[in-house]
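Worksheet for the structure shown next.
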Amino acid sequence: MALVRSANAVWQGDLKGGQGTLTLPKGGYEGRYSYTSRFEEGTGTNPEELIAAAHAGCFSMALANMLAEAGHTPESIATTAKVEMQGLKITKITLHTEGRVPGLDEARFLEHAENAKQHCPVSQALAAVEIQLEAKLA
């Protein structure tokens, strides 16, 4: 049976003057979004920040799992995802990750990080977008 996750969005008004609310189930998040929070520097969140959060979280978990399965359980994997837009199109996502992995050299860490970038479910879902990776050991 398939695992299904959901989120809700309500938008009121036109594009520039309207506003909306994004809600994740189970009390995980509820917040406002607007034209200014999406296309300018206004208060609130936007869909692209939520994509970035999902990608950073998925990638970090995938990398930690791959490292642990290879016998190198990480102390931590810290990832920031940056989603770039040009006009109304997401054009690039850059994953910046830093791992604390005792006993692992930089070359092996980079191999595992590249593998996680290719195979985490969110990366696969976003495959139409260029995804770059900047990875290093702490």
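As a summary of the residue check, R32 satisfies the conditions (1) among the basic types (K, R); (2) modelled with pLDDT under 95; (3) more than 23 Å from V129 (Cα to Cα) except for the one numbered (2). Across the stretch 60-73, the qualifying residues are those that are out of contact with any strand residue (DSSP E or B) (no Cβ under 7 Å at 6 or more places or on another chain) and among the small types (G, A, S), and the one among them that is surrounded by the fewest Cβ atoms within 10 Å (Cβ to Cβ) is G71.
Can you say whether Q118 is free of Cβ contacts under 8 Å to residues at least 12 places away in the same chain, under 27 Å from L50 (Cβ atoms) and of a type outside the set (A, V, I, L, M, F, W, C), as far as the supplied structure shows?
Criteria met by Q118.
Tallying residues that are crowded, with 16+ Cβ neighbours inside 10 Å and either part of a strand (DSSP E or B) or of a type in the set (A, V, I, L, M, F, W, C) (or both) within the stretch 28-48 yields 4. Among the listed residues A128, A53, A64, which satisfies the condition of being within 30 Å of E30 (Cβ to Cβ), part of a loop (DSSP other than H, G, I, E, B) and modelled with pLDDT of 95 or more? Being within 30 Å of E30 (Cβ to Cβ), part of a loop (DSSP other than H, G, I, E, B) and modelled with pLDDT of 95 or more holds for just one of A128, A53, A64, which is A128.
Restricting the stretch 74-125 to residues that are among the charged types (D, E, K, R) and in contact with a Leu (Cβ under 6 Å, 6 or more places away or on another chain) leaves a set whose member that is surrounded by the fewest Cβ atoms within 10 Å (Cβ to Cβ) is E106.
The values are calculated or read from the model by the stated rules, or taken from the named source; none is laboratory data. Because the structure is predicted, anything quoted here is derived from the model rather than measured. Ideal geometry is used to build each Cβ from the backbone, glycine not excepted, and the neighbour counts take in all protein chains shown.
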